[in-house]
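Asks: I'd like to ask some things about the structure below.
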Amino acid sequence: MAGLAVAIEAEARRRLGADEADAFLARLEQLTFDILEPLEHVYGGRTDCGQLAADLVGDALEAAAARPPALRRLDRRREIDPAWFQRSRMIGYVCYADRFAGSLPGVGGHLDYLAELGVSYLHLMPLLRPRPGESDGDYAVEDYGAVDPRLGTMADLEDLAASLHERGIALCIDVVLNHTAAEHEWARKAAAGEPGYRDMYLIFGDRAEPDRYEASLPEVFPGAAPGNFTQVPGVGWVWTTFHDYQWDLNYANPAVLRAMLAVMLALANRGVDVLRLDAAPFLWKRQGTDCQNQPEAHSIVQALRALTRLAAPGLALKAEAIVGPEQLVQYLGAHDRYRPECDLAYDNQLMVMLWSALATRDVRLAEHALGRRRPAPAPAAWVSYVRCHDDIGWAVSDADAAAAGLDGAAHRRFLTEFYSRRFPGSFARGEVFGHNRATGDARISGSAAALCGVESALAAGDQDQLTAALRRLESLYAVAFSFGGIPLIYSGDELALGNDPRWDADPGHAHDNRWMHRPPMNWAAAARRADPGSVEGRAFAAMAGLARARRELLALRSGGHTQILPTGNRSVLAYRRVHPRSAPFLALTCFSDTGQSVDAGILDRAGMHEPRHVHSTAGQLTLTAGRIELEPWSFAWLAGR
Ligand code: OTU
């Protein structure tokens, strides 16, 4: 047995009993390198890493001892089946507990609704106690040890997790790693000058250092929260990447890492299956850089992953890193050599490419950008999404744009205009978010249905346009359901809900139009979901159909490979899924107002023998004279044998 395990063996046997101790120590032996190496990288030379590792392993042992038996059984199943989250049966749903169902117990009362959609992964938006008043959608946490009292209690969270597990649904919640609310106990103690706390944050006596950092820092919320530092009277200049009430933590201080590990372990022991690591790229600051994606930020996440795995091997980590493709895949562990990091990460590249193709009716940029990226490491998975609670930022690199014959800046500007009602003839009904006058950068808010044209079609009373809009929405989700990641349905999209017309009624929200696409669940609309003539019924049937089809397709499980196949038709995106255990799968998606066709030779190129139609917009597939015909705004899925 190696170093770390030898040191803790006797205590592990005492705390866990013989059987559990064996498992814990076996994990520790396996993870020793994954714990020590990142700690050395971040803290070597600053602190005694051997002692730090021993302390952190001791914390993990403590959590392992406190882990409830039901969760240990789940751990055991997931250690036998580490690909549990990669299965094609995984289908996600994302909502706010209060907006969806009032409270945590309320969510528990709507599980049948989720089951109708085939949901097996539920992401509840931030639910830990936020600061009072404005709280950035509760991403400003005052107490990581308590549930927001408006939503319920920790006991309610445990109960909900248990009922979800009974139905085979995994629970994902947010853990805000990069910052706490200014009202958090650590921040209050730091402000009061209590020893040991000031160093948990990044606080400067004057503007000298902040100015040096600002020279290369972007602004996340240029309108609502300009700059990256906030002057707090009697305290100094506090690093606040996001809002002035969100204080960035100082991960150069190992006490911060230790405190956050404790937060994560405690949540895992409540029954949470997946932790969404908010703002992961921002954890490490380095002068002269944009202070995102620094190598130390990755090492910190790697250490957290190894240490949580030690105590709660059934827990998965999901990176929220909305960054360029080269940086993004690293959060799944794809470095020069594989280093286990997060199990899941948001595929924002796919999301942006879908909206780009929808606006231009041209898939060449998507083919190029998605075709050249490094695949996710085999043990990890993307989460594939169309919309989330945030704005859409146009992460289109100049190089990718140029390769598709576009000017990057002009294309990004076009997308902003197209989705914010400024482009003549656009079907989309969104708004500009975060316009930065200095750089010209701008992002987009709006619900998926509004951006796909459902709102404008309804306003015009145009049935053909409505059909086109609903087909756009279904087609985008069809890609999310078949690209190889876990698809996430953003609450409301299954009913084609539009923007919230009253989004700015709450004074705490009025400055932030991301609230327009965070509407309260409309249960009256949901009640129409079985009516095939209603908008809701059409959208819901489409979404449930995608879920049913996906579950049966082994090729769609993560861990395989997605390969873009050029079609020769600039409006048709084609890709095949290759998985060592399954027959090939081919998806065709038509991004055009008119019918399109592709040469049926693509079936051979996709390695399909005896291809069969498995799912499509129209429920059928037409082959004429060696060509596959696709209706406007439609998709088709085929599988070989
Ligand atoms: C995240 O987003 C959350 O999703 C937002 O809702 C929060 O406001 C924010 O963190 C602060 O907690 O920049 O525009 O690369 O893109 O962390 C949203 C990650 C954001 C960032 C992301 C951030």
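Asks: Among the candidates Leu458, Leu470, Leu466, Leu497, single out the residue that is surrounded by fewer than 22 Cβ atoms within 10 Å (Cβ to Cβ), under 15 Å from Ala542 (Cβ atoms) and not aromatic (Phe, Trp, Tyr).
Replies: Every option except Leu466 fails the conditions.
Asks: Being without any contact (Cβ under 8 Å) to a residue 60 or more places away in the chain, open to solvent by 30 Å² or more (accessible area, probe 1.4 Å), of a type in the set (S, T, N, Q) and in a helix (DSSP H, G or I): is that true of Gln330 here?
Replies: For Gln330, the condition - without any contact (Cβ under 8 Å) to a residue 60 or more places away in the chain, open to solvent by 30 Å² or more (accessible area, probe 1.4 Å), of a type in the set (S, T, N, Q) and in a helix (DSSP H, G or I) - is met.
Asks: Go through the range 132-170 residue by residue and tally those that are in contact with a Phe, Trp or Tyr (Cβ under 6 Å, 6 or more places away or on another chain) and either more than 16 Å from the ligand (Cβ to nearest atom) or modelled with pLDDT under 95 (or both).
Replies: Of the residues in the range 132-170, 1 are in contact with a Phe, Trp or Tyr (Cβ under 6 Å, 6 or more places away or on another chain) and either more than 16 Å from the ligand (Cβ to nearest atom) or modelled with pLDDT under 95 (or both).
Asks: Sticking with this structure for a sec: List the pairs whose first member sits in the range 595-611 and is touching a residue at least 12 places away in the same chain (Cβ under 8 Å), whose second member is of a type in the set (Ser, Thr, Tyr), and whose Cβ atoms are under 6 Å apart, counting only residues at least 6 apart or on separate chains?
Replies: Gln596/Ser571; Val598/Thr567
Asks: Shifting gears a bit: So Tyr113 clears everything in (1) within 16 Å of the ligand (Cβ to nearest atom); (2) farther than 28 Å from His298 by Cα; (3) surrounded by 16 or more Cβ atoms within 10 Å (Cβ to Cβ); (4) not hydrophobic (A, V, I, L, M, F, W, C) except one condition, right? Which one?
Replies: Among (1) within 16 Å of the ligand (Cβ to nearest atom); (2) farther than 28 Å from His298 by Cα; (3) surrounded by 16 or more Cβ atoms within 10 Å (Cβ to Cβ); (4) not hydrophobic (A, V, I, L, M, F, W, C), Tyr113 violates only (1).
Asks: In addition: Go through the range 596-617 and report how many residues are among the hydrophobic types (A, V, I, L, M, F, W, C) and open to solvent by 30 Å² or more (accessible area, probe 1.4 Å). Quick ask: steps written out before the conclusion?
Replies: Within the range 596-617, the first condition is being among the hydrophobic types (A, V, I, L, M, F, W, C), and the residues that meet it are 598, 600, 602-603, 606, 608, 614.
If we keep only those that are open to solvent by 30 Å² or more (accessible area, probe 1.4 Å) too, we end up with 614.
Residues that pass the stated criteria total 1.
Asks: Would you please list the contacts, defined by Cβ atoms under 7 Å and residues six or more apart or on different chains, that run from a residue in the range 388-409 that is among the charged types (D, E, K, R) to a residue that is surrounded by 18 or more Cβ atoms within 10 Å (Cβ to Cβ) and part of a helix (DSSP H, G or I)?
Replies: Asp390/Arg514; Asp391/Arg514; Asp400/Leu365; Asp400/His368; Asp400/Ala369; Asp407/Ala401
Asks: So which residues in the range 424-441 are touching a residue at least 12 places away in the same chain (Cβ under 8 Å) and either open to solvent by less than 10 Å² (accessible area, probe 1.4 Å) or farther than 21 Å from Glu219 by Cα (or both)?
Replies: Of everything in the range 424-441, those that are touching a residue at least 12 places away in the same chain (Cβ under 8 Å) and either open to solvent by less than 10 Å² (accessible area, probe 1.4 Å) or farther than 21 Å from Glu219 by Cα (or both) turn out to be Ser426, Phe427, Ala428, Arg429, Gly430.
Asks: Do you know which of the residues in the range 173-199 that are assigned to a loop (DSSP other than H, G, I, E, B) and in contact (Cβ under 8 Å) with a residue 60 or more places away in the chain is nearest to the ligand (Cβ to nearest atom)?
Replies: Asn178
Asks: Looking at the range 555-574, which of its residues are open to solvent by less than 20 Å² (accessible area, probe 1.4 Å), touching a Ser or Thr at 6+ places or on another chain (Cβ under 6 Å) and within 15 Å of Pro487 (Cβ to Cβ)?
Replies: Ala555, Leu556
Asks: Quick check on this structure: which one of Arg129, Arg99 is open to solvent by 50 Å² or more (accessible area, probe 1.4 Å), touching a residue at least 24 places away in the same chain (Cβ under 8 Å) and within 16 Å of the ligand (Cβ to nearest atom)?
Replies: Criteria check complete, one pass: Arg99.
Asks: If you don't mind, there's one more thing I want to ask. Does Ala321 qualify as being open to solvent by less than 20 Å² (accessible area, probe 1.4 Å), out of contact with any strand residue (DSSP E or B) (no Cβ under 7 Å at 6 or more places or on another chain) and either within 16 Å of the ligand (Cβ to nearest atom) or part of a helix (DSSP H, G or I) (or both)?
Replies: No; evaluated as a whole, the condition is false for this residue.
Asks: Something else now. Being open to solvent by less than 40 Å² (accessible area, probe 1.4 Å) and under 16 Å from Ala311 (Cα atoms) is the filter here, so list the residues in the range 35-58 that pass it.
Replies: If the condition is that a residue be open to solvent by less than 40 Å² (accessible area, probe 1.4 Å) and under 16 Å from Ala311 (Cα atoms), then Ile35, Ala53, Leu56, Val57, Gly58 are the ones that fit.
Asks: For the range 372-392, which residues satisfy the criterion of being open to solvent by less than 10 Å² (accessible area, probe 1.4 Å) and more than 16 Å from the ligand (Cβ to nearest atom)?
Replies: Residues satisfying the conditions are Ala380, Ala381, Ser384.
Asks: I would also like to ask the following. Any residue at all in the range 353-371 that is touching a strand residue (DSSP E or B) at 6+ places or on another chain (Cβ under 6 Å), part of a loop (DSSP other than H, G, I, E, B) and open to solvent by 10 Å² or more (accessible area, probe 1.4 Å)?
Replies: The answer is no; no qualifying residue exists.
So that you can scan it fast, the table gives a plain yes or no per residue for (1) among the hydroxyl-bearing types (Ser, Thr, Tyr); (2) open to solvent by 30 Å² or more (accessible area, probe 1.4 Å):
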site: Thr241; (1), (2): yes, no
site: Leu249; (1), (2): no, no
site: Asn253; (1), (2): no, no
site: Arg258; (1), (2): no, yes
site: Leu265; (1), (2): no, no
site: Leu277; (1), (2): no, no
site: Pro281; (1), (2): no, no
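The values are calculated or read from the model by the stated rules, or taken from the named source; none is laboratory data. This structure is a prediction, so every number in the text was calculated from the model and none was measured. Virtual Cβ from ideal backbone geometry, glycine too; neighbours counted across all protein chains shown. SASA here: full protein model, heavy atoms, side chains in, ligands and nucleic acids out. Shrake-Rupley method; radii C 1.70, N 1.55, O 1.52, S 1.80 Å.
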